[in-house]
Amino acid sequence: MTRPPALKAKASILFAMPLPEPFDYAVPEGMELRVGDHVRAPLGPRSARGVVWALSADDGSRNLKSVESVYDCPPLSDAMREFIDWSAKYLVQLPGIMLRNVLRSEDTLLPSPTELLFEASGMEPDRMTDSRRKVLDVVAEHGPDSAAELARLAGVTPGVVTGLVKAGGLNRIERPADPPFDPPDPERPGVELVPQQADAAEQLKRMVSAGGFQAALLDGVTGSGKTEVYFEAIAHALREDPDAQILVLLPEIALTRAVTARFILRFGAEPAVWHSDQGHKERRRIWREVNENRARIVIGARSALFLPFQNLRLIIVDEEHDATYKQGDGLHYQARDLAVVRARASKAAIVLASATPSIETLANARTGRYAHIHLPDRIGKAVLPDVTTIDLREHRPARGLWLSDPLVDAMAETLQRHEQVLLYLNRRGYAPLVLCRDCGHKMKSPEVDAFLTEHRYTGRLICHLTGFSMPRPEKCPECGAIDSLTSVGPGVERVAEEARARFPNARVEILSSDTAHSAEALLSLIDRMERGEIDILVGTQIAAKGHNFPNLTLIGVVDADLGLAGGDPRAGERTYQTLVQVAGRAGRAERPGRALLQTHDPDHDAIAALVAGDRDRFMETETMAREVLGLPPFGRLAAIIISSKDVYQADDEAKKWAKRAPDAEGVTIWGPAEPRYGMVRGWHRRRLLVRGERDVDISAYVTAWKRRMKPPAGVRITIDIEPYSF
Ligand code: ADP
């Protein structure tokens, strides 16, 4: 007679892969497993990394494979697993894809590596050679580093470094490759808050102390001291719980530099800074330090949301209205919204800060879901800049020029007072279009339905969507005419050219992602602007956000209408927000600032509201327009993008989807239609829009729809919940 097997445990393991659900494995005898543990388990011919999603009794009815091994590190928190499950459902993604975003690379959990560095030590002078001297000079200036790096910096072979060790000129030192972050000190004094700041900070502190999920909108004009206010909330969270972790989301890497410096001043320690431009090593370090609950404050771009915090107490989303929070590539998500989900799962507080909150957030504040905290005034003597328009229909610059007379006069006055000017134009390069005067041919990207932008510095035509680039041709590729290609419209390079021509003595620089191609280049431009070494800065949106230039008193918006065109229902809101941010760069210290907007349409709601300084009325009108259309937050919206390399297949499949859309009350399907970019990198795209009434669970609807469909090979389906452009 056989005895029934002893009750054993089985583990459901979610792999960081596009699989439909967690798989069951037997827990081998002697293996202690907790829910959330990181494990390896056999999957197909190999083994893979996954996370224990659930544990239950194994009745032995199935012959399960066993978990292979457990990583020696803290388990993924319950809050994190809840966040993954919830956001997967909401975004209509497989949970394994969300988990892949969290776990990142394979090596995040391997034992912490050490690295071998070389530091200087005394050496007999007679053993010195030229190349050895070069290496020692590098060490003296740059500090200890690996043999390969020292050799590279000194321009010698790595053998020289090893030779130096033998000769006694260098010592080996070994240290962990992932050094921990110093803990922040909440007791260091911050600036003395003005009364409106102190009130706001008090409200945030109460919210942090109350515990549980709480959200607040910190709604303060540019320069009202919002950062200092949320610093207080962070200090408070750390005082209440020294193990608290805090996440600060920023829309641009460009801003992290300045904010990091302020953090160091305030908390006496470097925060962990997370963004996509970082090296793999630094990211592994941050991931681990966050996972071990040693990194207290993390400042990051939107993907920092997926870091494995163990004790997240407070999230700050700065410039919450910013469109860059919407990730539109690969996994589509709105980081501000997911941050709220994350806070809810973690029972943490969240602060959304902005001078121009989004309609969505304002609506939440209005219904009382979020506390609404106001900072109506700028700090100290600084006042909000005076905004006026220049009607380009009256003050039309000469052909091929872009700065109107009133703007040029204002620039001259400003420069005479030794103050600085920012010319804002959100267009990289020299000209957004190059066309042939003879045949009218327009230079287009071969892979996308978009024009090529001319860049004079590099002498190339570049596609800003795919990165395709080519030298500017001498002949028209269509008709062969020589010297017939002409540049149409301005980019920042062209405006800078004009500024230089008009003010030959002024120091003119460009701030765009081309000139700020690296963190150092960006920092150096910002430093020089702060030190007054630049008179006229011509910048794209990188220049518009967050910076504090005390001597900047004039903003010239070259084309205030840019952004208002097109079918994007958020265009008005976004233009308004951007222009408030740009204008907000001026007059941040004692000297008053002004902003001049060149426009063809001074009566446009967004522009008129800016001049009148009447944000609330403008937002009300915009909100009503959205309500009438039933767009978010007054209705639900989802996009289904169907793409194929074969245009007929894309069309066919899109029609099939439209035909098989489930019937549901309160849901309307629009399309299929060709989206703004009908072809990207050789993929033809068709789009269906799903609009639902406010109480429709649009994710569930799209999930059900997707289940009905079996897209053939060669077809890609992308789901975008609450798409931004359509
Ligand atoms: P916001 O984020 O609202 O634009 P910041 O927090 O960047 O504003 O503050 C604007 C400027 O005012 C910064 O230079 C900041 O250091 C300074 N500042 C803020 N609060 C105070 C204060 N209470 N006393 C003195 N300076 C302050």
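No value in this document is a laboratory result; all are computed from the given coordinates. None of these values were measured; they are calculated from a predicted model. Glycine also receives a Cβ, built like all others from the backbone with ideal geometry; neighbour counts cover every protein chain displayed.
Grab the alpha carbons of the chain, take their convex hull, and tell me the volume per residue in Å³.
In the chain, the Cα hull volume divided by residue count equals 228 Å³.
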Self-check item: Charge-dipole axis of the chain as Lys and Arg at +1 and Asp and Glu at -1 on Cβ define it, positive-most pick from 321, 688, 184
Solution: 688
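Above 20 Å lies some portion of the pair distances; for the stretch 286-408, what is it as a whole percent of all C-alpha pairs?
Value for the stretch 286-408 (Cα pairs over 20 Å): 61 percent.
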Practice problem: Sequence neighbours fewer than 8 away in the same chain don't count; with that in mind, list the lysines whose C-alpha is under 28 Å from residue 205. | Solution: 226, 347, 381, 545
Quiz prompt | Pairwise FRET efficiency - residue 124 versus residue 374, Cβ, R0 = 60 Å, nearest 0.05 | solution = 0.30
Quiz item: Mean separation of Cα pairs under 8 Å and 6+ residues apart, divided by the residue count of the stretch 240-312: what relative contact order is that in percent?
Solution: 48
Self-check item: Cα-based shape type of the stretch 220-359, given that a ≥ b ≥ c are square roots of the gyration tensor eigenvalues and the cut on a/c is 1.5
Solution: rounded
Quiz item: Which value, in debye to the nearest 20, describes the size of the charge dipole of the chain about its Cα centre when Lys and Arg Cβ atoms bear +1, Asp and Glu Cβ atoms bear -1, and nothing else is charged?
Solution: 1820
Quiz prompt | Ranked by how many other beta carbons lie within 10 Å on average, peptides 79-90, 58-69, 121-132, 221-232 from highest | solution = 221-232, 79-90, 58-69, 121-132
Exercise. Using Cα positions and a limit of under 22 Å, work out the lysines in reach of residue 656, with same-chain residues fewer than 8 apart set aside.
Key: 645, 706, 710
Practice problem: Give the distance, in whole Å, between the Cα centre of the stretch 663-717 and the Cα centre of the stretch 225-259. | Solution: 38
Quiz item: For residue 206 and residue 520, what does the FRET efficiency come to when R0 = 41 Å and r is the distance between their Cβ atoms, rounded to the nearest 0.05?
Solution: 0.50
Practice problem: Report, in whole Å, the centroid distance computed from the Cα atoms of the stretch 465-519 and the stretch 275-340. | Solution: 35
Quiz item: For the stretch 176-313, what relative contact order do you get, as a whole percent, if you take Cα pairs closer than 8 Å and at least 6 residues apart?
Solution: 34
Exercise. Treat each spin label as a single point 7 Å out from the Cα along the C-beta direction, and report the residue 85 to residue 478 distance in nm.
Key: 5.8
Quiz item: Within the chain, what percent of beta bridges assigned by DSSP are antiparallel, to the nearest 5?
Solution: 55
Quiz item: What are the radius of gyration and Dmax of the stretch 152-274, computed over its Cα atoms and given in Å?
Solution: 21.3, 65
Practice problem: Once you have a ≥ b ≥ c as the square roots of the Cα gyration tensor eigenvalues for the stretch 442-520, tell me rounded if a/c is under 1.5, and otherwise prolate or oblate according to whether a/b is larger than b/c. | Solution: oblate
Exercise. Using just the helices of the chain, give the 222 nm mean residue ellipticity in deg cm²/dmol: DSSP H runs with n ≥ 4 each add -39,500 (n - 2.57), and the total is spread over all residues, rounded to 500.
Key: -9500 deg cm²/dmol
Quiz item: Taking the Cα atoms of the stretch 576-726, what is the range of coordinates along each of the three principal axes, in descending order and whole Å?
Solution: 64, 37, 27
Practice problem: Determine, from the Cβ-Cβ distance of residue 458 and residue 59 and an R0 of 56 Å, the FRET efficiency 1/(1 + (r/R0)^6), rounded to the nearest 0.05. | Solution: 0.25
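Can you give me the relative contact order of the stretch 1-107 as a percent, contacts being Cα pairs under 8 Å and 6 or more apart?
33
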Practice problem: Once you have the Cα-Cα distance between residue 629 and residue 449, take 0.36 nm times their residue separation minus that, and quote the gain in nm to one decimal. | Solution: 62.0 nm
